[in-house]
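The values are calculated or read from the model by the stated rules, or taken from the named source; none is laboratory data. As the structure is a computational prediction, the values presented were derived from the model and not from experiment. Every residue, glycine among them, receives a Cβ derived from its backbone with ideal geometry; neighbour counts consider all protein chains shown.
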Amino acid sequence: MARRLIFVALPMFIACLFITVLYDITGINQAAAAPDLSSGLWIGGQTAVASSTWFSETVDTTGGYVNHKSTTLALDSNELPHIAYFNTDLNLLQYASFSSTNWVTETVPIGIVPGYDVALAIDSNDYPHIAYHDDTLNDMNYIHWNGTMWLSETVESGLGFSSFHAIVLDSSDNPHLSYIGSGNSLKYAYWNGASWAIETVDDSGNVASEISLVLDSNENPHIGYRFDDTPFLQHAYWDGAQWVLEVAGPPANVGVWLSMDLDSLDSPHFAYLDFIFGDLEYVYWNGSGWITDTVESDNSVGAYPSIVLDSNDYPHISYLDSTNFNLKYASWNGTAWTITTADDSGDVGVYTSLGLDSQNNPHISYYDDGNGALKYATVVMSQNDSRFVYLPTITQ
């Protein structure tokens, strides 16, 4: 949605600042209605704000209903959000970035391509790299912005239907991808500086879940996934000489939706939906064994989880409350889980993607199914947060 700030008068600025400070003084907590940012702008500045206040806004209202990992979020070096997503009404790959004053959306020039899943990474120049699957040609594709133009190429062809995939960049900004190959095998591909090196990681079953890919401290890949005929989480990693395949944790009712991250010791942490009991589950390796924990078990929760570990190795998870159709967020403080509702403004919270900034503040992209819109939510976690001042858009 194109928006522009035409004129901001000094009295209005003072009034907005007064309202913001008043909002803080009244002590309104995260359960209170947040300002509607869909009709305004966030401007960097200094202000006092209420603690743990969720802010959400609509990024794009032109998208159609989509399946699988239809939104993916990454933060740049200025901690500004970028989101890639498919518009399945028009079969277009879309990219949105926040410029510190407004959202800028564009169509990535791949033509009209039916697709569902998309994965995004941001490089050291704050340029986007996107992996996507062409559901017509059944190709795994990669496109990136080099500062002047979009450059695209096919990583592997003839895969069959392969919706799930992931992308990360190494310290040299080389892309690494994991995806479902022919025969539903688990594949891994990376750019070695001259060409794509492609490997089959695991062909012992039919991969039938979301895929998570993370590089460890030695830039070796770790992949989280699941087979359609087993109830187990699977963890595959390269140990420097070979692929090691292991079951992550005890038998579990793992469905399609899972997410994985690595801690500072390169140990894996998983979040997933228990599709039998409808619970959000958390599993991690503590150095000697797998530890499991139920994060939330009220009604049906935990679909579309996205897990990120903070600077203390504490897990943060965004997910859907399927009972109330709300976006929820859970964080571990070292002692207990804190669970909040990030957005309850309708049928929201599917296809979540979570990022944490340097202050461990969450940034979430997700889909508003009720309005057919892409949304973004974040939370101000402290007093005197200098990130945002909210000003209304003023039109003629």
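Is it true that some residue in region 262-272 is in a strand (DSSP E or B) and of a type in the set (Asp, Glu)?
The answer is no; no qualifying residue exists.
Name the residues in region 187-223 that are modelled with pLDDT of 95 or more, of a type in the set (A, V, I, L, M) and crowded, with 18+ Cβ neighbours inside 10 Å, would you?
Listed by number, the residues that qualify are Ala189, Val201, Leu213, Val214, Leu215, Ile223.
Evaluate region 269-280: report whether one residue or more is over 21 Å from the mean Cα position of the chain (by Cα), under 17 Å from Val348 (Cβ atoms) and either modelled with pLDDT under 95 or surrounded by 19 or more Cβ atoms within 10 Å (Cβ to Cβ) (or both).
No, the conditions are met nowhere in region 269-280.
Please identify the pairs in which a residue from region 176-196 that is under 15 Å from Trp243 (Cα atoms) has its Cβ atom under 9 Å from the Cβ atom of a residue that is in a loop (DSSP other than H, G, I, E, B) and β-branched (Val, Ile, Thr), counting only partners at least 6 apart or on another chain.
As it stands, the answer is Ser178/Ile211; Leu186/Ile211, since those pairs meet every condition given.
Would a scan of region 241-249 turn up a residue that is free of Cβ contacts under 8 Å to residues at least 12 places away in the same chain and small (Gly, Ala, Ser)?
yes
I want to confirm something. Restricting to region 218-233 and keeping residues that are out of contact with any His (no Cβ under 9 Å at 6 or more places or on another chain) and not in a strand (DSSP E or B), which single residue is nearest to Gly183 (Cα to Cα)?
Checked region 218-233; the qualifying residue nearest to Gly183 (Cα to Cα) is Asp228.
Taking the criterion of being surrounded by 14 or more Cβ atoms within 10 Å (Cβ to Cβ), closer than 18 Å to Ala119 by Cα, assigned by TED's automatic domain parsing to the domain that holds Ser163 and aromatic (Phe, Trp, Tyr), would at least one residue in region 235-255 satisfy it?
So far as region 235-255 goes, no, none of its residues is surrounded by 14 or more Cβ atoms within 10 Å (Cβ to Cβ), closer than 18 Å to Ala119 by Cα, assigned by TED's automatic domain parsing to the domain that holds Ser163 and aromatic (Phe, Trp, Tyr).
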